[in-house]
Amino acid sequence: MKVGLFDSGLGGLSILREVLLQAPGLDIHYHADQARLPWGPRPPDELRQYCRRITAQLAGRGCERIVLACNTASAVALQGLRNSFPELQFVGMEPAIKPAARLTRTGTVGLLATPATLAGELLAQTRARHAPHIDIVSDPCHGLAEAIEAGEPTRVEELLQAIITPMTRAHADVLVLGCTHYPFASDTIARIAGPTVAIVDPAPAVASQLLRLIPDPAAGSGSRVYSTSGNPELFNARARTLLGDRVRAEHADWAANA
């Protein structure tokens, strides 16, 4: 069984990395829509079109399970994709508010996310179900995903200092990574936040949910296909650094107008 994962860029590789740790034999196609990065500030209707086009392409290449390895896409497009492609099974990203609410001792949680995720109904529903009495200090993290994507550690540090310091001053003792790019800066996040602050990365839970939808995760050949609407050589260089593995991507601008 083939699995498709997609994101606006390299962030979804944090999900892929965890999937491969749990089931290295899966056959994978990963697509990055880097030509339109970042997705976070884009209008919801535009994002839904991108997600439908990319999903159709992955399905046409034999992917039966699709992971929206992007919090922004999940917030605006997940339910619509399930309605439009009933023959497929989807796994989306949900802000990890539930585990954060269990972990916090101060009653305050910091949420690092994109504007679309923060404004989405999915976050509101998750908060209402699992953390109605928790104080959530959020930040839209403008520019952070792009700095991580570009491999700019000094800029990442500057942005994270400005994002995290108000959260810890508000006594947040748990930080939720609400964008799949952010785990690639987890060491910097942990250093700035300090040893008493827990970091919640949803990637292991997302990978586990995907594997529950696959009858035999060990039955594949372990094939890997990567594509990007951006520059394949730049994708390859950064992806190799982030995954610690050789990557060869093809160019494919699937989200463009037909």
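Determine how many Å³ per residue the convex hull of the Cα atoms of region 1-97 encloses.
96
So what is the calculated 222 nm ellipticity per residue for the chain, using -39500 (n - 2.57) for each DSSP H run with n of 4 or more, over all residues, to the nearest 500 deg cm²/dmol?
Estimated from H runs of four or more residues: -13500 deg cm²/dmol.
For labels at R105 and M1 in the simple 7 Å Cα→Cβ model, what's the distance in nm?
With each label placed 7 Å out from Cα toward Cβ, I get 4.1 nm.
Please list the non-local residues whose amide H lies under 5 Å from the amide H of V225, H modeled 1.01 Å from N, same-chain partners needing a gap of 5 or more.
Counting only residues 5 or more places away or on other chains, the set is I28, H29, Y30.
At R0 = 45 Å, how high is the FRET efficiency between A124 and L234 if r is their beta carbon distance? Nearest 0.05 is fine.
Computed FRET efficiency for A124 and L234: 0.80.
Using a 1.4 Å probe over the heavy atoms of the protein chains, calculate the carbon and sulfur portion of the accessible area of the chain as a whole percent.
Carbon with sulfur: 50 percent of the solvent-accessible area.
Do any GluC sites (Glu not before Pro) in region 1-108 lie in a loop, going by DSSP, with at most 12 other beta-carbon atoms within 10 Å of their beta carbon, and if so which?
Filter output for region 1-108: E87.
Please report, in whole Å³, the volume per residue of the convex hull around the C-alpha atoms of region 101-258.
Looking at region 101-258, the number lands at 167 Å³ per residue.
Can you figure out the FRET efficiency of L211 with R169, using R₀ = 45 Å and their beta-carbon distance, to the nearest 0.05?
For L211 and R169, the calculated efficiency is 0.70.
When the solvent-accessible surface of protein heavy atoms is calculated with a 1.4 angstrom probe, in what order do S208, S74 fall, highest first?
S208, S74
Using modelled backbone amide H atoms (1.01 Å from N, in-plane), which distant-in-sequence or interchain residues come within less than 5 Å of G9's amide H?
D33
Tell me the per residue accessible area of the chain using a 1.4 Å probe; a whole number in Å² is fine.
43
For region 190-233, build the convex hull from the C-alpha positions and give me its volume per residue in Å³.
176
Springs between alpha-carbon pairs under 10 angstrom, Gaussian network model over the chain: which of A219, A207, A101 fluctuates most?
Comparing A219, A207, A101 in the GNM, the peak value goes to A219.
Please check: in the Gaussian network model of the chain (C-alpha springs, under 10 Å), which one of N231, N71, N83 has the largest mean-square fluctuation.
N83
Based on Cα positions only, what radius of gyration and what Dmax would you give for region 28-159, in angstroms?
For region 28-159, the Cα radius of gyration and maximum Cα-Cα distance read 16.1, 48 Å.
Name all residues of region 104-123 having a backbone nitrogen under 14 Å from the label point set 7 Å from the Cα of R82 along its Cα→Cβ direction, giving them as ranges.
Residues 121-123 qualify, since their backbone N sits under 14 Å from the label point.
The values are calculated or read from the model by the stated rules, or taken from the named source; none is laboratory data. Bear in mind the structure is a predicted one, so any value in this text is a computation, not a measurement. No Cβ is skipped: glycine too gets one built from the backbone with ideal geometry, and neighbour counts run over all protein chains shown. We work out accessible area using only protein heavy atoms, side chains counted, and drop any ligands, DNA or RNA first. Shrake-Rupley method; radii C 1.70, N 1.55, O 1.52, S 1.80 Å.
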